[in-house]
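Enquirer: Below are the structure tokens for one structure; questions will follow.
A short reminder: the numbers here are calculations on the coordinates, not readings from a lab. Only a predicted model underlies this, so the values are computations on that prediction, with no experimental measurement involved. Glycine gets a Cβ as well: all are built from the backbone with ideal geometry, and neighbour counts include every protein chain shown.
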Amino acid sequence: MMRSTGVRLANCGISAVRTAGRPSVAARSFSSELDFLGSAPAKSMKDPSSRALWEKILLEVPKIAGASEIPKVGPKYEGLLKFMDGLEDSLKAGQSAVEKPPVTVAVTGAAGAIGYATLFRIASGQMLGPDQPVILNLIELPGAMNALKGVVMELQDCAFPLLRGINATDNLEQGFADVKYALLVGAKPRGPGMERGDLLKDNGAIFTKQGAAINKTAHRDIKVLVVGNPANTNCLIAATAAKDLSPTQFTAMMRLDQDRAIAQLAAKANAAVKDIDRVIIWGNHSANQYPDIHHARIGGKRALDLVKDDAWMKKDFIPNVQKRGAAIIAARGASSAASAASAAIHCMRDWALGTDQWISMALPSNGEYGVEKGIYFSYPCISRFGTLAPVLNLPVDPYSAEMMEKSRKELFEERDAVAALLK
Ligand SMILES: NC(=O)c1ccc[n+]([C@@H]2O[C@H](COP(=O)([O-])OP(=O)(O)OC[C@H]3O[C@@H](n4cnc5c(N)ncnc54)[C@H](O)[C@@H]3O)[C@@H](O)[C@H]2O)c1
């Protein structure tokens, strides 16, 4: 049993770890093979038959040693075991010595439907990683502070090991103090008979105040994700008010649209979501967004070559994604909340930690794809080392250009409607 376990490790696990560089996906899938092996839990990882040992090797070695320093193992795995034996104590000491300091995350509208659904995922490590302690600053309107008390109690009751503090406040400057990651979710909903222009102005006032407070008290490297609608223009307003920060520190959430588009394509192609990439949302988070699958791939192959259904793309896929929010309200009697929270977590995670996928993010336009300066327009982006860059020079056919133009035009109209707030 012992030897066959070792052979499995040498043949499968190490190569998986080496190619992955980081342990996550490869190591996890190998861990599930360990369930199959069914070895009993061990008291110590020094017990070579231990299932815990193998998990520890796969999960920890690349993190602490770097893939290149993993010793060569042949069919016998004793060399690796010896290496791990020597490493165990220093690993433990090293882990406690290098624990990351907590970072402060602010969520506005924290007692609302989306805010509430984000908090537990942030506190459990799903946004900034399982080794990043967090302090949560929860920001609400004065009238919602009592409800927020209940949310704080629930967070406490979860006993999340990564959650190192909770501050609930209706004071913006306190709420954004030293904050490195902010989710601006709270916003005024569109009331009955309310014009879009009125909604823009009412929300504009909220986001001007929030941008100014962020400018005054937040960490200088803050990343701000605007979720509250109309998200792109609220983002423009907040970024304009944060005069000492870079506009690139702000983005508006397009990720729910991207995740919806991926799910629709997966269903049509009978494919797994994980095999789909390069789905793009261009433009505004509104019914004039352009969900684009011309560059999408399924298992590395061009999605449109597999789907071969132009009519479906234009008559079903695009309107379904554009109007998905309304369809959810019609069915649920309330707007999307858990899926919006999930998208916010995905979006900030990929911005903060990087990803090898293209992600759609609203960036301050700078002439890319003919969108002149002055708005936050969603582009396919690369995210590395905390920085976003749009994917450039993608071919744009006339149909796509027309769809993108609708969003561009709408965003400039929104900008003009709040011009007084952009000084
Ligand atoms: N970008 C997207 O993809 C996306 C998706 C879904 C919803 N949204 C938007 O997210 C926003 C929140 O949706 P929800 O379902 O959570 O709404 P909700 O009404 O359940 O909650 C909003 C919360 O925000 C609070 N709030 C309002 N103004 C505030 C302010 N100035 N400061 C602090 N808190 C404030 C309210 O008290 C409330 O608790 C809405 O604007 C909605 O349209 C965006």
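Enquirer: From the P(r) of region 148-189, could you give the percentage of C-alpha pairs in the tail past 13 Å?
Expert: Numbers: 568 of 861 pairs.
When every Cα pair of region 148-189 is considered, 66 percent fall beyond 13 Å.
Enquirer: Please turn the phi angles of region 220-237 into ³J(HN,Hα) values with the Karplus equation 6.51 cos²θ - 1.76 cosθ + 1.60 (θ = phi - 60°), one per residue in order, whole Hz, x for glycine and proline.
Expert: 5, 9, 4, 10, 10, 10, 8, 10, x, 8, x, 4, 5, 7, 4, 5, 4, 5
Enquirer: Okay, moving on. Computed FRET efficiency, Cβ-Cβ of L353 and F120, R0 22 Å: what is it to the nearest 0.05?
Expert: Numbers: r = 19 Å, r/R0 = 0.87.
That gives a FRET efficiency of 0.70.
Enquirer: Here's a follow-up. Can you give me the long-range amide H partners of L163? Hydrogens built in the peptide plane at 1.01 Å from N, cutoff under 5 Å, separation of 5 or more residues or another chain.
Expert: V134
Enquirer: Just to be sure I understand: if I project the alpha-carbon convex hull of region 255-421 onto a plane and average over all orientations, what area do I get in nm²? Don't skip to the end; give the middle numbers.
Expert: Numbers: hull surface 41.8 nm².
Projected area, direction-averaged: 10.5 nm².
Enquirer: Using 5 Å bins from zero, what percent of all Cα-Cα pairs in region 103-251 falls into each bin?
Expert: Final binned percentages: 2, 10, 20, 23, 20, 14, 7, 3, 1, 0.
Enquirer: Let me ask something additional. If you stretched the chain out fully between A326 and R220, how much longer would it get, using 0.36 nm times the residue separation minus the C-alpha to C-alpha distance? Numbers along the way, then the final one.
Expert: Working: separation 106, 0.36 × 106 = 38.16 nm, distance 3.73 nm.
Once the chain is fully extended between A326 and R220, it gains 34.4 nm.
Enquirer: What is the extension gain from D244 to E195, computed as 0.36 nm multiplied by their sequence separation minus the C-alpha to C-alpha distance, in nm to one decimal? Intermediate results must be reported in sequence, preceding the final value.
Expert: On the way: separation 49, 0.36 × 49 = 17.64 nm, distance 3.26 nm.
Extending this stretch completely gives an extra 14.4 nm.
Enquirer: Based on the Cβ-Cβ distance of K409 and D157, what FRET efficiency does E = 1/(1 + (r/R0)^6) give at R0 = 60 Å, to the nearest 0.05? Write out the running numbers ahead of the final one.
Expert: Values: r = 49 Å, r/R0 = 0.81.
According to the calculation, E is roughly 0.80.
Enquirer: Using the 10 angstrom Cβ neighbour count as an exposure proxy, how do E413, E195 rank, fewest first? Spell out each step's value before the answer.
Expert: On the way: E413 14, E195 10.
Ascending number of Cβ neighbours within 10 Å: E195, E413.
Enquirer: Short version: ³J(HN,Hα) in whole Hz for each residue of region 238-245, in order, from phi by Karplus 6.51 cos²θ - 1.76 cosθ + 1.60 (θ = phi - 60°), x for Gly and Pro, what are they?
Expert: For region 238-245, the Karplus curve yields 5, 5, 5, 6, 8, 5, 8, 9 Hz.
Enquirer: Taking amide H positions as placed 1.01 Å from N in the peptide plane, with prolines and chain starts having none, which residues 5 or more places from D178, or on another chain, fall under 5 Å of its amide H?
Expert: A218, H219
Enquirer: Set the bar at 19 Å for Cα to Cα. Now go through K201/K323; K223/K406; K209/K423; K223/K409; K149/K209; K373/K406 and name every pair that lies beyond it. It would help to have the intermediate numbers written out before the result.
Expert: Numbers: K201/K323 24 Å; K223/K406 28 Å; K209/K423 13 Å; K223/K409 27 Å; K149/K209 24 Å; K373/K406 16 Å.
Distance filter (> 19 Å) returns K201/K323; K223/K406; K223/K409; K149/K209.
Enquirer: Taking the Cα of N366, stepping 7 Å toward and past its beta carbon, and measuring to each backbone N in region 385-423: which are under 16 Å?
Expert: 385-393
Enquirer: Within region 114-131, what residues put their amide N at less than 14 Å from the label point 7 Å along the Cα-to-Cβ vector of K100?
Expert: Once the point is set 7 Å along Cα→Cβ of K100, 122-131 turn out to lie under 14 Å by backbone N, inside region 114-131.
Enquirer: Could you check the spin-label model distance between N393 and A338? Points 7 Å from the Cα along Cα→Cβ, value in nm.
Expert: 4.4
Enquirer: Sort C235, C158, C347 so that the residue with the fewest other Cβ atoms within 10 Å of its own Cβ comes first and the one with the most comes last.
Expert: Details: C235 29, C158 12, C347 26.
The most exposed by this proxy come first: C158, C347, C235.
Enquirer: Oh, and also: Using the Karplus curve 6.51 cos²θ - 1.76 cosθ + 1.60 with θ = phi - 60°, work out ³J(HN,Hα) for each residue of region 364-378 in order, rounded to whole Hz, and write x for Gly and Pro.
Expert: In residue order, the calculated couplings are x, 5, 9, x, 5, 6, x, 9, 6, 4, x, 9, 9, 10, 7 Hz.
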